[in-house]
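All of the numbers you see were taken from the coordinates with simple rules; none came from a lab. These numbers come from a predicted model, not from an experiment. Every residue, glycine as well, gets a Cβ built from its backbone with ideal geometry; the counts of neighbours run over all protein chains shown.
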Amino acid sequence: MTPVFKLHNIAKIYGKREVLHIDQLTIPGRKIYAILGPNGSGKTTLMRVMALLTRNDTGTVDVLGENIRWGKEQLLKLRRQMAMVTQTAFMFEGTVYTNVAYGLKVRGAPESEIRNTVENCLELMGMSAFITADARNLSGGERQKVAIARALAIRPRVLFLDEPTANIDPQSAVEIEHHIQFINREMGTTIILVTHNLFQARRLADEVYFLWDGRMVEQGNAQNIFDHPQDERTRSFLSGETVF
C-alpha cells in the first residue's frame, strides 16, 4: 500500500537556524500517529510540511502517493484531501450550519448534499442541537467540536489535529478523544496528532514520533515507546525531567 506520507532528507530553515531536519519518515496511514517533543522541537513545522502549508527547503516530500512539486494545481488537489484543526478553533461569522457547510459550498456541492453532510457531521460530534446557533458564541469545547465537524464535512483522507484539547474543559476533551478514535477506526481516516498531553497520546496513538531540536530521535509503536523508550532524550521527556 502506498504510504500517506514519505519524507526524505527534508529540512526547514528560518533565517540561519535549521528548525527541522528529518532524514527519513514514512507514515503508512489509517492509524493515529502522535508527534511528541518539547516546545521548539519542530512538531508543528513537521505537521505543516506534511499538510503542504509550509514548503521544505531541502529534500523530497511525497503526499498521498505524489511527489510534491509545489505547483498550484497539485497543491489544491492534495490539500482538498486533508484538513486541519488547531487548538484555537476559528469560527466564521454566522451559524454552526454555515461554518460546517463552508468547505462543501466552496467545492460547489449541491445544497441537498451539503444539508445531509452537515447534519451527519454534527450528529457525529454531538452538536446537532447547535445547528442554528451563532458559532462565535459557543464555548471552547463546543467550538472544537464544530471545527472537527467542519473538517469532516469534506471527507478528508488525513486529519491533522494540533493540540485539539489544550484549551477546553475536561469533559469536552474526553468527548473529543472518543470522537477522534471513532473517526479513525470507523471512517478509516489517517490522523496526525500533535499534543503536549502525554496521557492523551498514550490513550490515542498507535505510533509515536518523538522530535528533539528539530530531529527525529525515536519512532515506533506507541506502547513500546512509552514503556521502553530507547533514547535518553525520550526517557527524559516522558519521565517529566524535560521542561515542555
For the chain, one quarter of the surface area of the C-alpha convex hull, expressed in nm², comes to 13.8
Cα pair distances exceeding 27 angstrom across the range 116-244, given as percent = 27
Proxy exposure order for Met82, Met47 (fewest C-beta within 10 Å first) is Met47, Met82
Evaluate the relative contact order of the range 93-155 (contact order divided by residue number), counting alpha-carbon pairs under 8 angstrom at least 6 apart; express in whole percent.
-> 52
For the range 190-244 and the range 52-109, what is the separation of their C-alpha centers, rounded to whole Å?
-> 26
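Order by neighbour count: Lys16, Lys6, fewest other Cβ atoms within 10 Å first, most last.
Working: Lys16 5, Lys6 17.
So the ranking, lowest neighbour count to highest, is Lys16, Lys6.
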Among the lysines, select those whose C-alpha is under 21 Å from the C-alpha of Lys72, and discard any that sit fewer than 8 residues away in the same chain.
-> Lys6, Lys12, Lys105
Taking springs between alpha-carbon atoms closer than 10 angstrom, which of Leu204, Leu193, Leu25 fluctuates most in the Gaussian network model of the chain?
-> Leu25
Mind pulling the per residue volume of the convex hull built on the Cα atoms of the range 93-155? Å³ is fine.
-> 69
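Sort Tyr33, Tyr102 so that the residue with the fewest other Cβ atoms within 10 Å of its own Cβ comes first and the one with the most comes last. Walk me through the intermediate numbers first.
On the way: Tyr33 26, Tyr102 17.
Lowest to highest Cβ neighbour count: Tyr102, Tyr33.
Run the numbers on the range 1-99 and let me know its relative contact order in percent, using alpha-carbon pairs under 8 Å that are six or more apart. Intermediate values should be presented prior to the final figure.
Numbers: 124 pairs, mean separation 28.3, N = 99.
Result for the range 1-99 is 29 percent.
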Label-point separation in nm, Gln74 to Ser239, each point 7 Å along Cα→Cβ | 4.5
Of all DSSP beta bridges with both partners in the chain, the antiparallel percent, nearest 5, is 55
In terms of modelled amide H atoms, which long-range or inter-chain residues lie less than 5 Å from the amide H of Val4?
-> Ile27, Gly29
